[in-house]
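Each remark here refers to the structure printed beneath this line.
Derivation of every value follows stated rules applied to the coordinates shown; laboratory data play no part. Computed from a predicted structure; not experimentally measured. Cβ placement follows ideal geometry from the backbone for every residue including glycine, while neighbour counts extend to all protein chains displayed.
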Amino acid sequence: MQVEFRRLFLVENHEELYARVAWAYYNEELTQADIAKRMGMTRARVNRILQECRETGLVQIIINTDVAGCAGAEHGLERAFGLSKALVIPTPAKEKHLYTAIGRAAGAYLSSRIRDGQELGLGWGTTLRASGRALVQREPGGIRIVSLFGGLPTSSTTTPYDVASVFSRRLMAEECYYIAAPMYVSCEAVRETLMSQQMFANVFERAAKVDLAFVGSGDLTTRSTNFNHGAITDEEWTSLRDAGAVGELFGYFLDGVGEMVDHPLNRRFMGAELAKLKNIPTKIVASGGLHKVPIIRAGLSGGCIDVLVTDELTARALLDG
């Protein structure tokens, strides 16, 4: 019998195998050792499969309760900044888990919020990548994905193209639109030339009219993702700080009160105008960590955020500010 089980699973596809292991563990409450014996594999492989099930979003754990401290922070943020929704998670003990935890919470929220036929505008980054993996798989429903940013000079799983692709697959999107240009072009004249092309004008117009926008935020510390992924240079990083910028939101560098700083990068950004992006009905920002507090506060002050997904320590810092 065990040999037959093993033969069966050797010919079944990868996703079905993972689903069967997850079902046995979470629904039948079998131990990993029991599953390994039943399916003819090692216990280490069972453990690895269960971990990948959680990381990819095949298995999602929903905790049906409010954490009292976080609920208070949520209400405080909503009152203080006029948010339509604040979602605050407990701050993980290890910082390396922060972006994944916030991303998963944001992905679960977006799954419950998005509707068939809507258009979703997307940013990029580690948090959004985790959100995409946490999305509940949908049946096709006419959803369209629109990337709000141009690309990066290097490829990784956090780039605008890759993030948009992950969301498109999970939401079974009907279409996915990209901005086939760098995030920041070399000069304003190049941007104007590209903007004269109908393909770019069409995507920018569509980006400004999405039903929901979902982005992270970029700080201007030495940990900046924009800096470390090559979106901005050393000299640009320094000049942005000198100009009063505290970080980036929707691709634009803002000062402490949420106004665009006077800097060439803001005039070279390949994306829709910030004033138009602010008119998107629902703007969701998923971001956390104390180093992100200045840019999150700037976004709140500047009217760039309707829904904030963050962690408890960051929420407290925003409220104490």
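Okay, here's what the table says:
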item: Fully extended contour minus Cα-Cα distance, from GLU174 to ASP262, at 0.36 nm per residue; result: 27.8 nm
item: Residue-averaged 222 nm ellipticity for the chain, from DSSP H runs of 4+ at -39500 (n - 2.57), nearest 500; result: -13500 deg cm²/dmol
item: Loop-exposed trypsin sites (Lys or Arg not before Pro) per DSSP, neighbour cap 13 Cβ within 10 angstrom, longest uninterrupted part of the chain; result: 116-222
item: For the stretch 178-255, convex hull of alpha carbons as volume per residue, Å³; result: 109 Å³
item: Whole-number percent relative contact order across the stretch 65-141, with pairs defined as alpha carbons under 8 Å at least 6 apart; result: 28 percent
item: For the stretch 112-262, alpha-carbon Rg over 2.2 N^0.38 Å; result: 1.07
item: Bridge type composition, the chain - antiparallel percent by DSSP, nearest 5; result: 25 percent
item: Inter-centroid distance (Cα atoms) of the stretch 250-284 relative to the stretch 105-150, Å; result: 21 Å
item: Rg to Rh quotient for the stretch 18-158, alpha carbon positions, Kirkwood Rh; result: 1.03
item: The stretch 245-261 - phi-based ³J(HN,Hα) in whole Hz, Karplus 6.51/-1.76/1.60, Gly and Pro as x; result: 6, 10, x, 10, 9, 6, x, 10, 8, 10, 8, x, 10, x, 9, 5, 7
item: Förster-model FRET efficiency, 25 Å R0, LYS94 and TYR26, C-beta, rounded to 0.05; result: 0.55
item: Segment ARG45-GLU273, extension gain: residue separation times 0.36 nm, minus the distance between their alpha carbons; result: 77.2 nm
item: Value of relative contact order over the stretch 123-212, rounded to a whole percent, pairs C-alpha under 8 Å and six or more apart; result: 32 percent
item: The chain - percent relative contact order, Cα under 8 Å, separation 6 or more; result: 18 percent
item: Kirkwood Rh, angstrom, the chain [1 / mean 1/r, Cα pairs]; result: 20.9 Å
item: Förster-model FRET efficiency, 41 Å R0, HIS75 and THR222, C-beta, rounded to 0.05; result: 0.75
